[in-house]
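Peer 1: Before we start, here is the structure in question, set down as structure tokens.
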Amino acid sequence: AAKAATMDELRAIMESYDGCGLKLRATRLCFADGNPDAEIMLVGEAPGSEEDLQGKPFVGPAGQLLDRMLGTIGLDRSKVFIVNMVPWRPPGNREPSPEEMALCRPFLLRQIELVAPKLLVTLGNVPTKSLFGTTTGIVRMRGQWKELAIGTHTVPALATFHPAYLLRQPAQKALAWRDMLALKARIDVQAG
Ligand code: URA
């Protein structure tokens, strides 16, 4: 993965990689969506059934909520790049295992290095624990910026709730809204 000089090269390497068992039961690779030149990158957990069919992250119900959340601060998929911790759907939508995430991590790191985002947002517990390197849950992690060194790239990162969780717990949308405002404030500072 580290040798991939472009997103297309990385995608081809991932398409031909057979080392992760998730691939056997997935319909297709769910590589990424959005703009690879974006300054903002979002990291989710794993493809669900709709993502598995379309090969794009966050296109099901959670994705529609994510689009609305981004829209509230003037963002859309032309201004962000969206990936998951693993690019193949775990059977039955279970969480990806630590081993599966470890196998796929070089791909994620290279995606982050190639985009070199100015800001990174983790969606929910799984990417937050993994990328922030913590066992602390999302309820306590969300809303605070931390500088993360990911591969060769260092980036300010913010954790927020996963939109699928917000669909189940709509009362938490108020906190997610605060996180969106924190993201917007940071974007505005960087834009000068
Ligand atoms: N949930 C995720 O974490 N990622 C997706 O792509 C869809 C749902």
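The values are calculated or read from the model by the stated rules, or taken from the named source; none is laboratory data. These numbers were taken from a predicted model, which means no experiment stands behind them. We place every Cβ from the backbone using ideal geometry, glycine too, and count neighbours over all the protein chains shown. In case anyone asks, the SASA skips ligands and DNA or RNA and just uses the protein heavy atoms, side chains included. Shrake-Rupley method; radii C 1.70, N 1.55, O 1.52, S 1.80 Å.
Peer 1: Pick from A32, A4, A38: which is aliphatic (A, V, I, L, M), open to solvent by less than 20 Å² (accessible area, probe 1.4 Å) and within 12 Å of the ligand (Cβ to nearest atom)?
Peer 2: Working: A4 fails: within 12 Å of the ligand (Cβ to nearest atom); A38 fails: within 12 Å of the ligand (Cβ to nearest atom).
A32 is the lone residue from the list that is aliphatic (A, V, I, L, M), open to solvent by less than 20 Å² (accessible area, probe 1.4 Å) and within 12 Å of the ligand (Cβ to nearest atom).
Peer 1: When the residues of region 99-118 are filtered to those that are in a helix (DSSP H, G or I) and charged (D, E, K, R), which remaining residue is surrounded by the fewest Cβ atoms within 10 Å (Cβ to Cβ)? Before you say what the answer is, go through the steps one by one.
Peer 2: Filtering region 99-118 down to residues in a helix (DSSP H, G or I) leaves 99-115.
When the remaining residues are screened for being charged (D, E, K, R), the result is 99-100, 105, 110, 113.
Numbers: E99: 10, E100: 19, R105: 17, R110: 22, E113: 16.
Taking the candidates together, the pick is E99.
Peer 1: Now for a separate question. Which is at pLDDT below 95 and open to solvent by 20 Å² or more (accessible area, probe 1.4 Å), of G133, G151?
Peer 2: One residue alone meets the criteria, G151.
Peer 1: Which is in contact (Cβ under 8 Å) with a residue 12 or more places away in the chain and under 24 Å from C30 (Cα atoms), of A182, A102, A159, A176?
Peer 2: Selected residue: A159, the only one of A182, A102, A159, A176 that is in contact (Cβ under 8 Å) with a residue 12 or more places away in the chain and under 24 Å from C30 (Cα atoms).
Peer 1: What number goes with the only condition from (1) open to solvent by 20 Å² or more (accessible area, probe 1.4 Å); (2) assigned to a loop (DSSP other than H, G, I, E, B) that P96 does not pass?
Peer 2: (1)
Peer 1: Let me ask something else. Taking region 154-176 as the search range and keeping residues that are over 13 Å from the mean Cα position of the chain (by Cα) and not in a helix (DSSP H, G or I), which one is surrounded by the most Cβ atoms within 10 Å (Cβ to Cβ)?
Peer 2: V155
Peer 1: Something else: Pull out all pairs, ordered by first then second residue, where Cβ-Cβ is under 6 Å, the residues are six or more apart or on different chains, the first lies in region 55-76 and is assigned to a loop (DSSP other than H, G, I, E, B) and at pLDDT 95 or above, and the second is more than 10 Å from the ligand (Cβ to nearest atom) and open to solvent by 50 Å² or more (accessible area, probe 1.4 Å).
Peer 2: Sorted first by the residue in region 55-76, then by its partner, the pairs are G55/R28; I73/K184.
Peer 1: Of the numbered conditions (1) open to solvent by 60 Å² or more (accessible area, probe 1.4 Å); (2) within 14 Å of the ligand (Cβ to nearest atom), S16 satisfies every one except a single condition; which is it?
Peer 2: The one condition S16 does not meet is (2).
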